[in-house]
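The values are calculated or read from the model by the stated rules, or taken from the named source; none is laboratory data. Please read all numbers here as calculations on a predicted model, not as lab measurements. No Cβ is skipped: glycine too gets one built from the backbone with ideal geometry, and neighbour counts run over all protein chains shown.
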Amino acid sequence: SNSKKVKLMRVDRILVNRGMSGRKSIQKMIKEKRVEWAVDDDNPDNDIVIQKGDQKVPENAQLVVDGYIIPPIPLLLVYHKPTDVLSAMKDNSRYCLGDALMEKSPLLFNAGMHPVGRLDADTSGLILFSSDGALTQRLLHPRHEVEKEYVATVETVEGEINEDKLREQLSRGVETTEGVHTAQLLSVTDNDTVRLIVQEGKHRMVRRMLANCGFPVIELRRERHGVVWLGDLEEGAFRDLNPEELEWAEGVID
């Protein structure tokens, strides 16, 4: 059982927070007896029909509109961004993160979930969507040193990759047009696959660093952000955080 005290909140406010648009239309639904509070999962007969918008219920109450559950908005969602999906919430011509979120659920979109940082269009992999602006700021700020792990397939124009030399170059810092950046090299496999950790997220930074070390990037995928791993999540799919990941995210806020 959850020991945290659950806040009471107006039903109309809760529904707005969960991505239902327009307080007026919500008031109308309530008036028409279309909003219910499912108090007990096992027994629909106990559902309470909401009478007024300012009626207070627990903030995490199971609310049902026209027979559909309107769930609370998650703190974070994990998305596997395919290449060619633009890291923007809106774009007039190209498919972007906003489109992906809208397809997942208009409620999530309307509730203001937004990507934590960005990945270049030609980079694939893990993007977190957040519903909490303060958490987003903390996950992105270099001061909090949140690790991001990437796997890059590189061109080896200069023969063998000297792993020790590359590790040394990356940890000392690589000069790019955006300044000097450091990374921690984890491994080199098959002489073309480089796994590394960075803590900043400057535009095209990983690509620039590796190119300036003599290894232009052919493919780049982000596999981890903080403790959250991409795992076997399919391209274009979303998933919720597991309990450990959620605990980590809540710890970042506190």
Could you count how many residues in the stretch 1-38 are free of Cβ contacts under 8 Å to residues at least 12 places away in the same chain and among the hydrophobic types (A, V, I, L, M, F, W, C)?
-> 1
So Ala88 fits all but one of (1) farther than 30 Å from Ala152 by Cβ; (2) touching a Cys at 6+ places or on another chain (Cβ under 8 Å); what number is the exception?
-> (1)
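Of all residues in the stretch 57-76 being in a strand (DSSP E or B) and surrounded by 14 or more Cβ atoms within 10 Å (Cβ to Cβ), which is farthest from the chain's Cα centre (by Cα)?
Our first condition is that a residue be in a strand (DSSP E or B); within the stretch 57-76, this holds for 57-58, 63-65, 68-70, 76.
Add one more test, that the residue is surrounded by 14 or more Cβ atoms within 10 Å (Cβ to Cβ), and what stays is 57-58, 63-65, 70, 76.
On the way: Val57: 29, Pro58: 26, Leu63: 25, Val64: 26, Val65: 27, Ile70: 20, Leu76: 5 Å.
Residue satisfying both the conditions and the ranking: Val57.
Just one of Gly125, Gly117 is modelled with pLDDT of 95 or more and within 18 Å of the chain's Cα centre (by Cα); which is it?
On the way: Gly117 fails: modelled with pLDDT of 95 or more.
Testing whether each residue is modelled with pLDDT of 95 or more and within 18 Å of the chain's Cα centre (by Cα) leaves just Gly125.
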Go through the stretch 23-56 and give me each residue that's part of a loop (DSSP other than H, G, I, E, B) and either in contact with a Lys or Arg (Cβ under 6 Å, 6 or more places away or on another chain) or surrounded by 13 or more Cβ atoms within 10 Å (Cβ to Cβ) (or both).
-> Arg34, Ala38, Val39, Asp47, Ile50, Gly53, Asp54, Gln55
In the stretch 53-85, anything among the aromatic types (Phe, Trp, Tyr) and either in contact with a Cys (Cβ under 6 Å, 6 or more places away or on another chain) or under 22 Å from Trp248 (Cβ atoms) (or both) is listed as Tyr79
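Report yes if some residue within the stretch 103-112 is within 18 Å of Glu223 (Cβ to Cβ), modelled with pLDDT of 95 or more and aromatic (Phe, Trp, Tyr); otherwise report no. Break it down into steps so the answer makes sense when it comes.
Quick first cut of the stretch 103-112, residues within 18 Å of Glu223 (Cβ to Cβ) only: none.
No - not one qualifying residue is present in the stretch 103-112.
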Evaluation of Ile30 against (1) of a type outside the set (Asp, Glu); (2) touching a helix residue (DSSP H, G or I) at 6+ places or on another chain (Cβ under 9 Å); (3) closer than 22 Å to Asp240 by Cβ (one fails), failing number | (3)
